[in-house]
Amino acid sequence: SSYPSTDDCYRIMREERLSTAVIRHCCVVNLVAMEIARRCGADLELVNAASLLHDIGRSSTHGVSHVAESVRIAREHDLPEDLVKCIGRHIASGFTAEEARALGLPEGDYMPVTLEDKVVNFADNLVSDRSIKTVAQAAERMRSKGFELTATRMLAMGGEIAMLCGEDI
């Protein structure tokens, strides 16, 4: 496989000095993402690597810019471009190019496109720190922070994934 193995992902996390708390979060996101990926036929190796490495940029920043930093680090490690894109599309429930520009992110489209992008993004939205939320709890958490559009997008993504899986998530 061209994707890094689980062991390779942990090595990258250690090299980048990712905190224990962020590693734990990534591990929980990985558990959720892999369960969803198995049910809907997503590329398991891609989802495994992307869900483990999605927050690698939190080694240096915890703001919204961690997504751009995660992409930069992924490229520095010569990871496959579809993996880099999946990592770059994990934030919130995606950002359009205009939204990204308004947030000060580098030029680009941060909207999940592929099934794997959506699985990793959705799983990350269901995990708060290291606790797994229901879809309703995750949407309510977003709304309570004033992120109505993100909550709406997440619910739509969840519906799309549920249809692909043939079961509720």
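The values are calculated or read from the model by the stated rules, or taken from the named source; none is laboratory data. This is a predicted model, so every value here is computed, not measured. Every residue, glycine among them, receives a Cβ derived from its backbone with ideal geometry; neighbour counts consider all protein chains shown. Note: areas computed on protein heavy atoms with side chains; ligands, DNA, RNA excluded. Shrake-Rupley method; radii C 1.70, N 1.55, O 1.52, S 1.80 Å.
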Response to the item:
Computed about the Cα centre, the charge dipole of segment 60-108 from +1 Lys/Arg and -1 Asp/Glu charges at the Cβ has a magnitude in debye, to the nearest 20, of 80
Discussion item. Please give the charge dipole size of segment 46-161, origin at the Cα centre, charges +1 on K and R Cβ atoms and -1 on D and E Cβ atoms. Round to the nearest 20 debye.
Written reply: 400
Practice prompt. Would you list which aspartates and glutamates come within 12 Å of residue 133, measuring only between C-alpha atoms, while excluding same-chain residues fewer than 8 positions from it?
Written response: 124
Discussion item. Please return the longest range in the chain lying between exposed loop sites, taking trypsin sites (Lys or Arg not before Pro), DSSP loop only, at most 15 other beta-carbon atoms within 10 Å, and leaving the sites out.
Written reply: 18-129
Discussion item. Per residue, how large is the accessible surface of the chain? Use a 1.4 angstrom probe and give square angstrom.
Written reply: 47
Worksheet item: Only one of the listed values, [x] 12.3; [y] 17.5; [z] 8.7, was derived from the coordinates as mean projected area of the Cα convex hull in nm²; which label is it?
Response: [z]
Worksheet entry | Using a Förster distance of 25 Å, the FRET efficiency for residue 147-residue 101 (Cβ separation, nearest 0.05) | 0.90
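Can you check what the net charge comes to around residue 141, using other residues whose Cβ is under 15 Å from the Cβ of residue 141 (Lys, Arg +1; Asp, Glu -1)?
With Lys, Arg at +1 and Asp, Glu at -1, the neighbours total +1.
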